[in-house]
Amino acid sequence: MRAALCRELGPPEVVTVTDVDAPEAGDGQVRVRVEASAVNFPDVLLVAGEYQVKVEPPFVPGSEFAGVVVDTGARVFGSALVGAFADEIVVAPTSVTPIPDGVDSATAAAFGVAHRTAYHVLRSVATVQAGERVVVLGAGGGVGLAAVQLAAHLGAEAIAVASSDEKLAVARTLGAAHTVNHRDGDLRAGLGQNDVVVDPVGGDLSEPALRSLRPGGRFVTVGFASGTIPRIPLNLVLLKGITIAGFQFLDFATRHPHELRRNEDELLALLRDGHAVPHIGARFGLDDAAAALRYVADGRAIGKVVIDVA
């Protein structure tokens, strides 16, 4: 089969497309013929050897996919640490979810990680209520745009923060009530008073967003796409009674299985009914997997980047 292969750790350009042996399915595993894969920033970090989990080369990068189970013909989407940028992937049955009728493979591949992260954060960690003001940092990325879309669906007033007017224009189409380009000036002044901050970015944006919270506000850190882990002045937390929480999917799934199931059911219904749809900002062929990784690495992606494997 054909696959994008990382033979050595380094920049995206170390990934080349070649013929490799198809992965062998172990007991209880399912083999999926991949039709589409989505590119995430952790894929770039894994190839560079800079992710929190290390994978020794050679390996096939790619963590999100959609396609057809070879043995049954069922259409599924799912995630894995690596292996998705290939004609086939082998995973545990618990790693895949049936694709709702009417949803295409590219949409399904781009949906799982970003929308699940955003929904669990909004629904269970931040407990967002209708009418609240929710600041979403990095609102041009996959998680950020999903958070904007889902916050609006939950009845909140979504404030999208991003680095370009082009990204903010997309955020408005997905339900952002207000938009702020953080490169235009004082971010704190542009945010007003808010109830919740969702932060997948970190860096210099975190503190002014934290300062915008009302007493009793909630700040949820999701990741550090900026590459910098911020230092938070705890006196702000003390004086305002702010709650700071972190979200990691595996930890959430282990500690909150009932909420996980409820959220998954609600989210799949939103996907099926067209209320939660990822914005696909760029598409590449499998031969251009390295270019797709570079596109994400350089911060050029708006929403999700998809590799059309089929």
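Structural remarks
- Top-ranked residue of region 263-300 - restricted to ones that are of a type in the set (Lys, Arg) and outside any helix (DSSP H, G or I), ranked as surrounded by the fewest Cβ atoms within 10 Å (Cβ to Cβ): ARG300
- Whichever residue in region 195-229 is of a type in the set (Ser, Thr, Tyr) and at pLDDT 95 or above and, among such residues, is nearest to the chain's Cα centre (by Cα): THR221
- Pairs, first over 11 Å from ARG211 (Cα atoms) in region 228-243, second of a type in the set (Gly, Ala, Ser), C-beta under 7 Å, six or more apart: THR228/GLY202; THR228/GLY203; ILE229/GLY202; PRO230/GLY202; PRO230/GLY203; PRO230/SER206; GLY241/GLY216
- Here ALA109 meets each of (1) open to solvent by 10 Å² or more (accessible area, probe 1.4 Å); (2) touching a Phe, Trp or Tyr at 6+ places or on another chain (Cβ under 6 Å); (3) of a type outside the set (Lys, Arg); (4) part of a helix (DSSP H, G or I) with one exception, condition (1).
- Among the residues of region 50-75, those that are open to solvent by 10 Å² or more (accessible area, probe 1.4 Å) and in a strand (DSSP E or B) comprise PHE59, VAL68, VAL69, ARG75.
- Test: residue in region 230-251 that is of a type in the set (Val, Ile, Thr), modelled with pLDDT under 90 and more than 17 Å from VAL113 (Cα to Cα): yes
- For region 2-57, a tally of residues being touching a residue at least 24 places away in the same chain (Cβ under 8 Å) and of a type in the set (S, T, N, Q) returns 4.
- Among the residues listed as LEU81, LEU137, LEU122, the single one being farther than 16 Å from GLU35 by Cβ, within 17 Å of the chain's Cα centre (by Cα) and surrounded by fewer than 23 Cβ atoms within 10 Å (Cβ to Cβ): LEU81
The values are calculated or read from the model by the stated rules, or taken from the named source; none is laboratory data. Everything quoted here is computed from the prediction, not taken from an experiment. For neighbour counting, all protein chains shown are included, and Cβ atoms are generated from backbone atoms with ideal geometry for every residue, glycine included. Side chains included, ligands, DNA and RNA excluded: accessible areas come from the protein's heavy atoms. Shrake-Rupley method; radii C 1.70, N 1.55, O 1.52, S 1.80 Å.
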